[in-house]
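The values are calculated or read from the model by the stated rules, or taken from the named source; none is laboratory data. All of these numbers come straight from a predicted model, not from anything done at the bench. Cβ atoms come from the backbone with ideal geometry, glycine included; neighbour counts cover every protein chain shown. Just the protein is used for accessible areas: all its heavy atoms, side chains included, with ligands, DNA and RNA removed. Shrake-Rupley method; radii C 1.70, N 1.55, O 1.52, S 1.80 Å.
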Amino acid sequence: MSASAIGALRHRLVLEPPRDEADGFGGFVRTYVAGPMLWGEIAPVRAADRFVAGRDEWTLTHRVTMRRRDDVKPGVRLRFGARIFLVHAARETDARGDRLVCHCEEIAS
C-alpha cells in the first residue's frame, strides 16, 4: 500500500448500524447507534434536484472508500461530523479485497 493511498483515507467516520425496537403498536422504531471509528475517503458523485410536494428536494450522492470491513453493508450509516451518509451499496474494489467502496446518499441530520 503506497503512502498516497494511505493519505487518501483522511476522513474520520463513525459507523452507525441500525437498531430496530418494538414501538408497542406492532411496528418498530429504527435508531442508529454509534459504532467503531474508521478512516475513509469521501468523494462527491452526483447532485440532483426534483420537485416534490411543492418544493425542491436535493439528492446528494457520494462514494466512500475505506479498508474492507464485514460490518459495512446496505442500511448502515456513516457519520462525518454533522454529515450523515446512508450506505445503499458496498463492494470490494478489486480481487485483492483490501478496499471497500460504498455508494451513499447524504441525508439531512
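Observations on the structure shown:
- Only one residue of G54, H88, V29 has its Cα farthest out toward the positive end of the dipole of segment 15-109, where Lys and Arg carry +1 and Asp and Glu -1 on Cβ, and that residue is H88.
- Matching label, volume of the Cα convex hull per residue in Å³ computed from the structure shown, candidates (1) 117; (2) 131; (3) 88: (2)
- Per-atom-type breakdown for the chain gives carbon and sulfur 53% of the accessible area (1.4 Å probe, protein chains only).
- Counting only protein heavy atoms and a 1.4 Å probe, the chain has 65 square angstrom of accessible area per residue.
- Figure note: V52, V29 ranked by solvent-accessible area, largest first, 1.4 Å probe, ligands and nucleic acids not counted: V29, V52.
- Structure-based [θ]222 nm, the chain - -39500 (n - 2.57) summed over DSSP H runs of at least 4, per residue, nearest 500: -1000 deg cm²/dmol
- Dipole moment magnitude, nearest 20 debye, the chain about Cα centre, only Lys, Arg, Asp, Glu C-beta charged: 360 debye
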